[in-house]
1. If you go through the range 165-175 one residue at a time, do you hit one that is assigned to a strand (DSSP E or B) and at pLDDT below 85?
2. Out of the residues in the range 140-155 meeting the condition of being polar (S, T, N, Q) and either part of a strand (DSSP E or B) or on the phi > 0 side of the Ramachandran plot (or both), tell me which one is surrounded by the fewest Cβ atoms within 10 Å (Cβ to Cβ).
3. Among the residues of the range 176-187, count how many are assigned to a loop (DSSP other than H, G, I, E, B) and either of a type outside the set (Val, Ile, Thr) or more than 21 Å from the chain's Cα centre (by Cα) (or both).
4. Would you pick out the residues in the range 47-71 that are in contact with a Leu (Cβ under 7 Å, 6 or more places away or on another chain) and either of a type outside the set (Asp, Glu) or touching a residue at least 40 places away in the same chain (Cβ under 8 Å) (or both)?
Amino acid sequence: AFAHESGIHQDGVLKKATTYEIMTPESVGLNTNRMVLGKHSGRHAFKDHLSTLGYELDDEQLHRTFVRFKALADKKGEIFDEDLEVLVEDEVVRMDDRYHLRRLHVSSGTHVAAERGESVRPDADTQDSPVAAVELDIDGEVTPSASWGNGSVETVFKAISKVIPDAETAVLKRYEVKAVTSGIDSQAEVTVLMEREERTVIGRGSDYDVIIASSKAFVNALNKLAIKRGRSRSGV
């Protein structure tokens with residue numbers, strides 16, 4: 001009775017609790033009502049919950065983050081605070097990056113010979129290897145790229161590296177994946193550690209799909225390397 005997910009109910013309760021609650025949560029031993037963030041939630045409850053987490057977004061930032069929130073809510077049930085934090089990180093903190101991942105497609109699978117019990121090496125034939133196609137926004141210009149490799153993540157990284165100069169001399173030192181929340185429908189949060197010319201950066205990315213999260217983390221690290229390169233040239 002005091003947990004609201006519908007956008008209409010959330011908006012009404014936030015404006016005046018008695019709109020949908022004929023008694024107070026305290027009268028039955030609860031501390032307060034609860035706004036359940038899910039696919040039926042509205043912008044009002046979304047903005048209010050972000051405020052409780054300490055995020056005050058302008059109209060454009062709120063719109064971008066809300067669009068991502070609705071897309072994620074369509075894929076999983078309840079959205080938790082940790083999910084919202086990574087959404088804000090992705091959509092707000094990185095708006096001024098030079099490089100943005102626009103599109104990504106990866107084709108991967110096992111060779112039909114594996115069904116007969118035969119051992120198949122991924123590098124035996126490039127046609128049996130994962131293939132990745134990406135589109136990147138580089139300084140406002142959309143740039144496509146494609147590559148193949150031994151694994152899906154490596155293949156995507158190779159495709160991205162082909163069109164971003166900062167990737168040419170950078171070395172991937174560490175790659176980590178963890179779940180943002182518990183459950184099979186959790187978002188994946190990927191962290192990469194990259195190094196170039198004794199400069200080290202950490203890139204992070206999150207998404208419902210681990211391959212997309214990996215791509216975002218890689219591009220985030222390359223953006224940081226680009227910033228450091230610019231500072232080095234200016235003597236900062």
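1. Taking every residue of the range 165-175 in turn, none turns out to be assigned to a strand (DSSP E or B) and at pLDDT below 85.
2. Keep residues of the range 140-155 that are polar (S, T, N, Q), which gives 143, 145, 147, 150, 152, 155.
In the following step, the residues that additionally are either part of a strand (DSSP E or B) or on the phi > 0 side of the Ramachandran plot (or both) were identified as 143, 145, 147.
Numbers: 143: 15, 145: 17, 147: 19.
Only one residue tops the list, namely 143.
3. Here is the first cut: in the range 176-187, the residues assigned to a loop (DSSP other than H, G, I, E, B) are 180-187.
Those left that are additionally either of a type outside the set (Val, Ile, Thr) or more than 21 Å from the chain's Cα centre (by Cα) (or both): 182-183, 185-187.
Qualifying residue count for the region: 5.
4. Of all residues in the range 47-71, those in contact with a Leu (Cβ under 7 Å, 6 or more places away or on another chain) come to 47-50, 53, 57, 65, 68-69.
Matches in the range 47-71: 47, 49, 50, 53, 57, 65, 68, 69.
Residues are listed down the side, and each one gets a yes or a no for (1) touching a Phe, Trp or Tyr at 6+ places or on another chain (Cβ under 7 Å); (2) of a type in the set (A, V, I, L, M, F, W, C); (3) surrounded by fewer than 13 Cβ atoms within 10 Å (Cβ to Cβ):
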{"residue": "157", "(1), (2), (3)": "yes, yes, no"}
{"residue": "168", "(1), (2), (3)": "no, no, yes"}
{"residue": "178", "(1), (2), (3)": "no, no, yes"}
{"residue": "191", "(1), (2), (3)": "no, no, no"}
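The values are calculated or read from the model by the stated rules, or taken from the named source; none is laboratory data. The model shown is predicted, which means the values in this text are computed figures rather than measured ones. Here the Cβ is made from the backbone with ideal geometry for all residues, glycine too, and neighbour counts use every protein chain on show.
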